[in-house]
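Structure, as structure tokens:
The values are calculated or read from the model by the stated rules, or taken from the named source; none is laboratory data. Note that the structure is predicted; figures quoted are calculated from it, not measured. Note: ideal-geometry Cβ built from the backbone for every residue, glycine included; neighbour counts use all protein chains shown. Accessible surface areas use protein heavy atoms only, side chains included; no ligands, DNA or RNA. Shrake-Rupley method; radii C 1.70, N 1.55, O 1.52, S 1.80 Å.
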Amino acid sequence: VQLQASGGGVVQVGESLRISCSGSGPTFSDYAVTWFRQAPGKGREFIAGISWPGTTVGYADSMKDRFTVIRGNPKNTIFLQMNNLKPDDTAVYYCAATPGPWIKRVPSEYKYWGQGTLVTVSS
């Protein structure tokens with residue numbers, strides 16, 4: 001499985017941004033995909049994940065009001081819609097995949113990672 005995150009950039013406080021994760025591999029549509037982020041000097045933080053059927057989603061409590069994870073059509077693209085962005089949202093955003101329907105919140109449980117896309121929220 002290979003993942004590629006894209007769509008990051010510089011936005012102003014309060015703006016919205018949608019980033020995407022494209023996956024490839026013969027069975028990628030059977031994987032749960034999760035978004036993490038890592039701010040400078042901090043550990044990797046769970047944001048949200050979506051199961052391989054696209055019927056189960058999970059969010060970090062601090063993220064669910066402003067962030068939405070969406071499985072695209074075809075199902076090899078997963079989006080993270082981010083609204084009302086704040087300076088604290090500045091980070092490198094990573095997507096990760098694991099086989100099966102379970103959304104895992106710990107980075108060490110993921111074998112497959114995208115390269116990350118940088119989101120900078122400017123005040």
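With springs only between Cα atoms under 10 Å apart, run a GNM on the chain and tell me which of Ala39, Ala97, Ala48 wobbles the most. It is Ala39.
How big is the Rg/Rh ratio for segment 1-48, C-alpha atoms only, Rh by Kirkwood, two decimals? Don't skip to the answer; put the middle values down first.
Details: Rg = 13.3 Å, Rh = 12.9 Å.
Ratio value, two decimals: 1.03.
Roughly how large, in nm² to one decimal, is the mean projection of the convex hull of the alpha-carbon atoms in segment 82-123? The partial results should precede the final answer.
Values: hull surface 15.3 nm².
Answer in nm², one decimal: 3.8.
Heavy atoms only, probe 1.4 Å: what % of the accessible area of segment 2-123 goes to carbon and sulfur, would you let me know?
Numbers: 3010 of 6090 Å².
The computed percentage sits at 49.
Compare Val33, Val57 by solvent-accessible area with a 1.4 Å probe and give them largest first, with all protein chains kept in place.
Values: Val33 0, Val57 70 Å².
Greatest to least solvent exposure: Val57, Val33.
Ordering Gly23, Gly9, Tyr93 by the projection of their Cα atoms onto the charge dipole of the chain, which places +1 on the Cβ of Lys and Arg and -1 on the Cβ of Asp and Glu, puts Gly23 at the extreme positive end.
When the alpha carbon gyration tensor of the chain is reduced to an equivalent ellipsoid, its three semi-axes come out at 23, 14, 13 angstrom, largest first.
Kindly report the accessible area of the chain per residue (heavy atoms of protein chains, probe 1.4 Å, no ligands, DNA or RNA), in Å². Can you show the working numbers first?
On the way: 6140 Å² over 123 residues.
Using a 1.4 Å probe on heavy atoms only, each residue of the chain averages 50 Å².
When the chain is treated as a GNM with alpha-carbon contacts under 10 Å, the residue of Ala32, Ala91, Ala60 showing the greatest mean-square fluctuation is Ala60.
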